[in-house]
Structure formats: structure tokens, C-alpha cells
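Scroll down for the structure; my scribbles are underneath it.
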Amino acid sequence: MVSPAVPAAPGGESAQESPAPAAASRTAARAREAVAASGLAQREVARRMGLDETKLSKSLRGARRFQPDELFRLATATGATVAWLLADSGSAAAPRPGSLPAAHGRGEHASRRLAIVERAWELFAHRGFSGVRMSDVAQAAGVSPAALHYHFESKRELFHETLRYSIKLAYDRQAAELAGIADPAARLRRLFALQAPQGETGRAEWSIWMQTWASAAVGEGAQVHAEGYGRWRRTVAAIVAEGCASGSFAPASTAEQDAAVEALTAYADGLGIRVMTGMIDAPDMLARLAAAIERTLRPHAPSPAAALPRPPLAAAPEPPDSRHTPTAPPTPTEGTAP
């Protein structure tokens with residue numbers, strides 16, 4: 001998969017080549033640790049990231065800063081999280097324990113498990129749960145049926161793991177991009193753009209979520225759905241709370257903030273379903289959400305709707321095009337190694 005372009009930092013490549021401050025040096029050190037833990041050669045990591053090996057080498061040495069989409073690709077290729085790479089726990093709400101894909105050892109064993117999840121994620125997203133057989137997944141992942149059943153006893157168990165994979169992709173994107181946006185309204189608009197059903201990855205994630213909603217409605221997978229959806233809501237709520245505290249947003253009481261979060265997340269869900277079913281397109285969705293942010297959180301501010309009818313926001317980055325990406329150690333939490 002190919003990631004859409006992400007705007008470069010001011011100063012272009014020359015700015016990236018400058019010596020990194022302490023935070024960037026810490027990120028470089030953690031990136032080296034993640035690459036080493038993955039069991040992949042640095043050249044292979046660069047290939048799976050779609051990044052020139054020289055640029056990756058400079059970033060790993062701390063002589064060049066990783067760009068947000070590169071951090072996302074590095075996290076997907078190695079199995080670490082962007083939040084751990086950045087030592088950041090605030091830009092996106094952290095998933096609850098058990099909400100991210102489970103690691104299963106190291107080396108070939110772990111690589112095989114992640115290959116199964118990635119291929120299953122693609123198949124379920126494009127064919128639907130009922131249209132995929134376990135033998136289809138085994139063939140796509142290049143493993144035997146016995147190896148597949150060693151890692152996942154049932155198709156339903158495997159499907160739930162693909163939802164956790166979707167949650168990790170979203171969490172990594174948000175951690176990579178949101179921290180650098182100071183204005184709460186702009187950060188909220190970017191959050192919705194990152195999560196919109198646009199691009200191959202965005203639509204695949206929404207397909208998995210919509211199938212999860214359907215199964216949860218009949219009692220299948222309600223817990224894993226609640227864990228993942230709760231993280232999304234907490235991310236929106238944190239931005240709203242920050243904006244209210246700073247005076248950028250109008251709602252003052254906790255009840256008003258909760259009502260605003262409920263309104264915006266429910267509206268985003270409904271609009272996303274309409275995009276997935278062909279009733280509107282993603283730019284229309286983002287324009288309506290931008291107007292809703294102003295209506296809900298800044299009712300007395302001039303509306304940007306006329307100026308921004310179709311916000312030119314980039315789609316979510318695509319994960320690396322890897323057929324057998326190995327898994328790093330269990331997903332790190334703050335203060336631990338990947």
C-alpha cells in the first residue's frame with residue numbers, strides 16, 4: 001500500500017537533517033530498539049516502510065527527524081506503538097489492556113502470527129466475515145491450516161484480532177500526527193480526517209468496524225467493540241476538554257462537554273456509514289464535521305463552512321506493504337521497552 005503524502009516540516013529536507021533535540025534523540029534510540037527487537041535487518045525495515053535506507057539510517061542515528069507518516073510505518077513494521085516511540089502518552093487516548101493485537105513470542109513464530117492477522121484483516125475488510133474461510137486466510141498468509149489453528153482456534157477469534165489491529169493502526173496514526181497541532185479545533189478536525197473512510201486503509205478499517213457493530217448487535221464481540229470504541233471516544237473527549245479549559249471551546253460544565261462529545265462522535269459514525277454506503281463522499285463528511293465542531297463547540301464564532309466547503313485534508317497513512325511483517329515484543333506501555 002502507498003501512503004498519501006504528508007506535508008513536510010517547514011524547511012523541507014534540510015530541516016530534517018539538523019541535529020535532533022533530546023526528544024528526537026530519545027525517539028531515535030527507541031526506534032533502534034524496535035528495529036532490533038523485530039528481528040529484521042535495517043534494510044528490510046526500510047523496504048517495508050517505503051523509505052530510502054539512507055534516510056532511515058540517519059533517523060536511527062538521530063541526525064534526521066522521523067516524519068509522522070514514517071513513525072506510523074515504523075510502528076506497523078516493527079510492532080511497537082508510535083506513542084512508545086515518542087514517549088508520548090497524551091496526544092491520543094491509550095488503549096485499555098487487551099485492546100491491541102497480542103504479541104506471540106519473537107522471530108519466525110511472531111512473524112507468522114502477524115502475517116495471519118494482516119491477511120485476515122484484508123480479507124474480512126473486502127469480503128466480509130461470512131465470505132472468508134479459514135482456509136482462505138491460511139493460503140493468503142502462506143501458512144498451513146494447522147499453523148493457523150495453532151494461533152487462532154476459530155474464525156470469530158481471528159476476526160476480533162483484526163479489530164484490535166484496526167485499533168492499533170488508528171492509535172498509531174493519531175499519536176504520530178496530533179501532538180504537533182496546538183489549536184484544539186484544528187486537532188479535532190485532523191482527528192476526524194485521520195479516521196474518515198477514505199483511502200484503502202481508512203475504508204478497510206471502517207469495514208471491520210461496521211461488521212463489528214453488526215455482530216455486537218446480536219451479542220458477538222460486544223466487549224472488544226466497547227474497548228476499542230471507548231478509546232476513540234476518550235480521544236475526542238480529551239481534545240474537547242482541553243479546548244474548553246483553554247477557552248477555545250464554549251461548553252464549560254462536564255455535562256456540556258459530555259453532550260458535545262456524544263453529539264460529535266455519533267454524527268461522525270453516521271456520516272461514516274453514509275460514506276461507506278455511497279450516499280456521500282469523504283470530503284462531504286469532513287466539511288459537515290468541521291461545521292458541526294463550530295456549531296457545537298464554538299456557537300458564537302464565525303462559521304468556517306463557506307471558507308472550507310471541502311477541507312483538503314490528507315487521508316490516513318497506509319501501513320507498509322508487507323506480506324510477512326514480524327511482531328516485536330508485546331506492545332509497550334509508557335516507560336517500557338517495545
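For region 31-59, residues that are farther than 14 Å from E70 by Cα, part of a loop (DSSP other than H, G, I, E, B) and in contact (Cβ under 8 Å) with a residue 40 or more places away in the chain total 2. For region 47-86, the tally of residues that are basic (K, R), more than 10 Å from D172 (Cβ to Cβ) and crowded, with 24+ Cβ neighbours inside 10 Å stands at 0. If I filter region 108-116 for residues that are among the β-branched types (V, I, T), crowded, with 20+ Cβ neighbours inside 10 Å and modelled with pLDDT of 95 or more, do I get at least one hit? No, region 108-116 contains no residue that is among the β-branched types (V, I, T), crowded, with 20+ Cβ neighbours inside 10 Å and modelled with pLDDT of 95 or more. For region 264-285, taking the residues that are aliphatic (A, V, I, L, M) and more than 22 Å from P251 (Cβ to Cβ), the one that is surrounded by the fewest Cβ atoms within 10 Å (Cβ to Cβ) is identified as M279. Where residues in region 211-232 are without any contact (Cβ under 8 Å) to a residue 60 or more places away in the chain and open to solvent by less than 40 Å² (accessible area, probe 1.4 Å), which of them is nearest to A125 (Cα to Cα)? For region 211-232, the residue satisfying everything is T212. Only a single criterion out of (1) at pLDDT below 60; (2) more than 30 Å from V143 (Cα to Cα); (3) crowded, with 18+ Cβ neighbours inside 10 Å is not satisfied by S303, namely (3). Of all residues assigned to region 289-299, at least one qualifies as being at pLDDT 65 or above, assigned to a loop (DSSP other than H, G, I, E, B) and of a type outside the set (D, E). Residues in region 128-171 that are under 27 Å from R234 (Cβ atoms) and surrounded by fewer than 16 Cβ atoms within 10 Å (Cβ to Cβ): 2 in all.
Among the residues of region 201-219, some residue qualifies, meaning at least one is charged (D, E, K, R), at pLDDT 95 or above and in a helix (DSSP H, G or I). In region 179-208, the qualifying residues are those that are over 24 Å from I273 (Cα atoms) and touching a residue at least 24 places away in the same chain (Cβ under 8 Å), and the one that is least open to solvent (accessible area, probe 1.4 Å) is P184.
Scanning region 206-236 for residues that are more than 17 Å from A93 (Cβ to Cβ), of a type outside the set (F, W, Y) and under 19 Å from the mean Cα position of the chain (by Cα) yields a total of 5.
The values are calculated or read from the model by the stated rules, or taken from the named source; none is laboratory data. Computed from a predicted structure; not experimentally measured. Neighbour counts run over all protein chains shown; Cβ positions are idealised from the backbone, glycine included. Calculation scope for accessible area: heavy atoms of the full protein, side chains included, ligands and nucleic acids excluded. Shrake-Rupley method; radii C 1.70, N 1.55, O 1.52, S 1.80 Å.
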